[in-house]
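Asks: Quick one: the structure is below, and I'll ask about it shortly.
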Protein chains: 2
Amino acid sequence: MTTADSRDGRRLTARGAKTRAKIVAAATELMYIQGVGATTLDDVLAASGVSKSQLYHHFDGKDALVRAVVDHVGERIMEREREALGHVSTIRGLRRWRDALVQNNALRHGAYGCALGSLASEVSDHDALARQALSQLFTEWQGLLAGVLRRLQDGGALPPEASIDQLATGLMAALQGGYMLAQTARDVTPMATSIDMALAYIESLSDR
Amino acid sequence: MTTADSRDGRRLTARGAKTRAKIVAAATELMYIQGVGATTLDDVLAASGVSKSQLYHHFDGKDALVRAVVDHVGERIMEREREALGHVSTIRGLRRWRDALVQNNALRHGAYGCALGSLASEVSDHDALARQALSQLFTEWQGLLAGVLRRLQDGGALPPEASIDQLATGLMAALQGGYMLAQTARDVTPMATSIDMALAYIESLSDR
DNA sequence: CTCTTATAGGACTATTTGGTCCATTTTACA
DNA sequence: TGTAAAATGGACCAAATAGTCCTATAAGAG
């Protein structure tokens, strides 16, 4: 909620907040399915059943709306991932996390990719503020992975000299790259394979 | 050149080919820098110094142009990668390949990402033909990596039971995910780290 | 209760954008 | 060299799109 709002001093009633939320929810959905560039403000209005003045009442324009979407998607994903990773401390737990993501992506045959990743690659070179927000979200997400790896290390499932941060980066890249290949192939397999390879490497560090 | 042209029966003079090439070159550049969605046909016309009728003379519309760009980028990258990977048969060679990509990406501080990857994530959910072309290009590219890995295996640098195709998929995903993280962070580091992790795993398979 | 501010609806405008059309020039080749 | 097809320039059009404005209603604070 840091990068998004166009109205910083103003009051916001419960009704207003609800309208704002409807707009962001509709925009999030549309931009995930159609992409940011292909989603027009009229699309968002039609999908949310809100009038144009409302949109401009709550947001300065499309860029501001996109930033709100970034924040919203970020919150949703971070919530999900905190839930999924926050207490994982075994390789088995990490594999269960993998299974959930793969299964979820398989439902749509890889389409649309990672909600955060697609947003990032479409927006990063166009809006510096959105890019920074996304970068920070990736860092946070990676931090959750690093937390898991640190617990693995503490539990002896990773050698003390293993570089937690680099492993977390590699795992996140494998995840994102896998999403992208799956999206292009319309097949979840490459995503599963790439995460598996990253996990296999992590696992291999202990038994050598 | 399979997915792109709008004019299949017609003749093409040298002059016409040159104009067509100018259009595709300008569109490629613009779509790489600005993204596909943010690049208008007028942008392409202005950058290529060509009149509108020319664009519609050579292409059915924006989608067809995008497909031509996909083909063009694909040819360029595959040419480069065939050159870079075609005769590599050692881990050291693979590391040199990595160095070249990292160095190149470092020049723009990660911006714009992978020419093929950015295109893929922006276009895959919007144009089935372009998606298929991109998917095939990734498969080809991965095939080059698989070739390297097979030569490594033949030379004893990889155990016979190593699954070449899966390793190639994982390496490609690491590359693409790395590009994306680097693009978002505007820092080449995560890309270097993720490729390094993939290479470290590949290397680790032999000495265990 | 009243007054101020937020919320809402939606018509309206300006601009951008994709796409068409046609008159003219250039090129290939019979 | 004559002619048909290709290439070109650019005006023109229609739809889409971002953004503005004005009026009316709902809601909260004093």
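Nothing in this text is a laboratory measurement; each read-out follows from the coordinates by a stated rule. What you see is a predicted model; the values in this text were computed from it and never measured. Because the Cβ atoms are built from the backbone with ideal geometry, glycine has one as well, and the counts that use them run over all protein chains shown.
Asks: Note the angle between two axes, namely the Cα long axis of helix B:14-34 and the longest principal axis of the Cα atoms of chain B, as a number of degrees from 0 to 90, rounded to the nearest 10.
Replies: 60
Asks: Let me ask you something else. Just want the ordering: B:LEU167, A:LEU107, from fewest to most Cβ atoms lying within 10 Å of their own Cβ.
Replies: Ordered by Cβ neighbours within 10 Å, fewest first: A:LEU107, B:LEU167.
Asks: Sequence gap at least 6, Cα distance under 8 Å: using those rules, report the relative contact order of chain A to the nearest whole percent.
Replies: That works out to 22 percent.
Asks: Dividing the convex hull volume of the Cα atoms of the range B:14-204 by its residue count, what figure in Å³ per residue is obtained?
Replies: For the range B:14-204, the hull spanned by Cα atoms encloses 117 Å³ per residue.
Asks: Here is a further query. Which lysines, on any chain, are close to B:LYS22 with Cα under 28 Å apart, when same-chain ones fewer than 8 places away are left out?
Replies: B:LYS52, B:LYS62
Asks: Over the range B:92-208, what relative contact order in percent results from Cα pairs under 8 Å that are six or more residues apart?
Replies: Relative contact order for the range B:92-208 comes out at 34 percent.
Asks: Report, largest value first, the span of the C-alpha coordinates of the protein assembly as shown along each principal axis, in whole Å.
Replies: So the three principal-axis extents are 66, 61, 36 Å.
Asks: Still on this structure, please answer the following. Using alpha carbons only, what's the Rg to Rh ratio of the range B:62-150 with Rh from Kirkwood?
Replies: My calculation of the ratio gives 1.01.
Asks: I need the calculated FRET efficiency for the pair B:GLU79 and A:GLN103, taking r as the beta carbon distance and R₀ as 41 Å, to the nearest 0.05.
Replies: Efficiency for this residue pair is about 0.60.
Asks: Can you show me the helix-derived [θ] at 222 nm for the protein assembly as shown, built from DSSP H runs with n ≥ 4 at -39,500 (n - 2.57) apiece and divided by the number of residues, rounded to the nearest 500.
Replies: -24500 deg cm²/dmol
Asks: Which of B:GLU29, A:GLU75 has the fewest other C-beta atoms within 10 Å, and how do the rest follow up to the most?
Replies: Arranged by neighbour count, lowest to highest, B:GLU29, A:GLU75 become A:GLU75, B:GLU29.
Asks: Taking +1 at the Cβ of each Lys and Arg and -1 at the Cβ of each Asp and Glu, which of A:ALA68, A:PRO159, A:SER118 sits farthest along the dipole of the range A:14-204 towards its positive end, judged by Cα position relative to the Cα centre?
Replies: Final value for the positive-end residue is A:ALA68.
Asks: Also, I was wondering about something else. Apply the Karplus parameterisation 6.51 cos²θ - 1.76 cosθ + 1.60, with θ equal to phi minus 60°, to every residue of the range B:145-153 and state each ³J(HN,Hα) to the nearest whole Hz, in sequence, with x for glycine and proline.
Replies: 5, 4, x, 4, 4, 5, 5, 4, 5
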